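The values are calculated or read from the model by the stated rules, or taken from the named source; none is laboratory data. In this text the structure is predicted, and so the values were computed from the model without any measurement. Glycine also receives a Cβ, built like all others from the backbone with ideal geometry; neighbour counts cover every protein chain displayed.
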Amino acid sequence: MTDISIYFNPISFDKESYHKDQIGGFVEVFSDEFPQISPGSIAIIYVPENRGSHSKETQATSSEFRKSFYELYKGKDWNKSFYDLGDILPGKELKDTYFAVSNVVAELIKSNILPIIVGGSQDLVLGIYDAYAKLEQLVNICSIDYSLDLGDTEKVADSQSYLTPLMLKRPCYLFNHANIGLQIPYARPQDVKLFDKLFFDICRLGEFNSDFRKAEPHLRNADIINLDFKSIKASEVFSHGSNPNGFYAEQICQIARYSGISDKVNCLGVFNYIDLNAISDKLLADILWYFSDGYFSRWGDFPMGSKARYKRFTVVLDDGDHTIVFNKSNKSDRWWMEVPYPPKEGKKYERHYLVPCNKEDYDRAMNNEMPDLWWKTYQKLC
């Protein structure tokens, strides 16, 4: 792996003050020498960059969440290494910070190390996306966000409009974007229409509250989880910078755990972490704990290899033109759909794109209804 230590500042850390079963007694921290990072591990990175933020609050930068996190006890399945690589300090210009983030994330992902980016403004997602572009890897992003963060093409990217310049990058490596937690009062009608036109996915806050299972496949289909801290209900974090409606603390931790369990997710970003207080520090620590616990508890049950590991169901719709194949894991009871690559130049590809889904999609197909997720994915493959 290319040396990435040049991008980091060490942090003050006293490992002796923690019990061996606490995360602080388990984590390897860049406080003196940069650690040798093992594949299959997690690495926390703090980026106190807020120049892309529209917040009128004091642009506080603090890593006090580390103390709250390290006081927690590690889970029973935490049998791999855990690192804190320190801080990536803001560059002279905002683009310099993006560059540092993209280089670090690209090197970590290439070495099978999952980065957790805790940052200020949400436009740092641009730096993470650039890492996948460097690797020439198609990427699915799942945003936990109360808004869609689309903006006008002529405006400079910021925390509320980073997604438009991301989609305009060429070549484009964004295959799908899903939003969980959208609050319609914060979304322009034309932005919702654009999401629909691009066959992107939206699970509104009300839909999530009525049935979490509607959101789970989107988390399982993502490479990047992009969590806006302002999507959490303001009363949960005693924050003046959040919204009156949003996720409850236990819901955001549930989302974090399901994100960690996903075998596909290989990067987590938590952004807009400003206007800090002790409660928000502890909640962020809990989010990181549940995500990490999910990561160390992954099932590895993606439906491939031995068919003894999963059940296969074939549904033929009444029109006779569409056959949908479902796979159900024997280990976790999770579901996937096979979406065929469309015919091109008179030849049919044998490959199929496996899309996470839930049993309701199978039930819908059994009732002769085309699942929306199947159709959207097929259209993107065309």
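Scan region 114-143 for residues that are of a type in the set (A, V, I, L, M) and over 15 Å from the mean Cα position of the chain (by Cα) and the total you get is 2. If you take the residues of region 8-23 that are at pLDDT below 95 and part of a helix (DSSP H, G or I), which of them is surrounded by the fewest Cβ atoms within 10 Å (Cβ to Cβ)? Within region 8-23, the match that is surrounded by the fewest Cβ atoms within 10 Å (Cβ to Cβ) is E16.
Considering only region 146-153, I want to know if a residue exists there that is free of Cβ contacts under 8 Å to residues at least 12 places away in the same chain and out of contact with any Gly (no Cβ under 6 Å at 6 or more places or on another chain). Break it down stepwise before answering.
Our first condition is that a residue be free of Cβ contacts under 8 Å to residues at least 12 places away in the same chain; within region 146-153, this holds for none.
No, because not a single residue in region 146-153 is free of Cβ contacts under 8 Å to residues at least 12 places away in the same chain and out of contact with any Gly (no Cβ under 6 Å at 6 or more places or on another chain).
With respect to (1) under 30 Å from F229 (Cα atoms); (2) of a type in the set (F, W, Y); (3) modelled with pLDDT of 95 or more, the lone exception for Y362 is condition (1).
Residue count for region 154-190 satisfying the condition of being within 22 Å of L94 (Cα to Cα), part of a loop (DSSP other than H, G, I, E, B) and either of a type in the set (S, T, N, Q) or not assigned by TED's automatic domain parsing to the domain that holds I252 (or both): 3. Of all residues in region 264-285, none satisfies being in a strand (DSSP E or B) and surrounded by fewer than 18 Cβ atoms within 10 Å (Cβ to Cβ). Do we find a residue being out of contact with any Cys (no Cβ under 7 Å at 6 or more places or on another chain), among the acidic types (D, E) and at pLDDT 95 or above anywhere in region 235-242? No, every residue in region 235-242 fails to be out of contact with any Cys (no Cβ under 7 Å at 6 or more places or on another chain), among the acidic types (D, E) and at pLDDT 95 or above. Taking residues in region 176-191 that are free of Cβ contacts under 8 Å to residues at least 24 places away in the same chain, and partners anywhere that are polar (S, T, N, Q) and surrounded by 15 or more Cβ atoms within 10 Å (Cβ to Cβ), the pairs with Cβ atoms closer than 9 Å and at least 6 places apart or on different chains are P185/N245.
Hey, among the residues in region 191-217 that are among the acidic types (D, E) and not in a loop (DSSP other than H, G, I, E, B), which one's nearest to K233 (Cα to Cα)? In this case the residue turns out to be E207.
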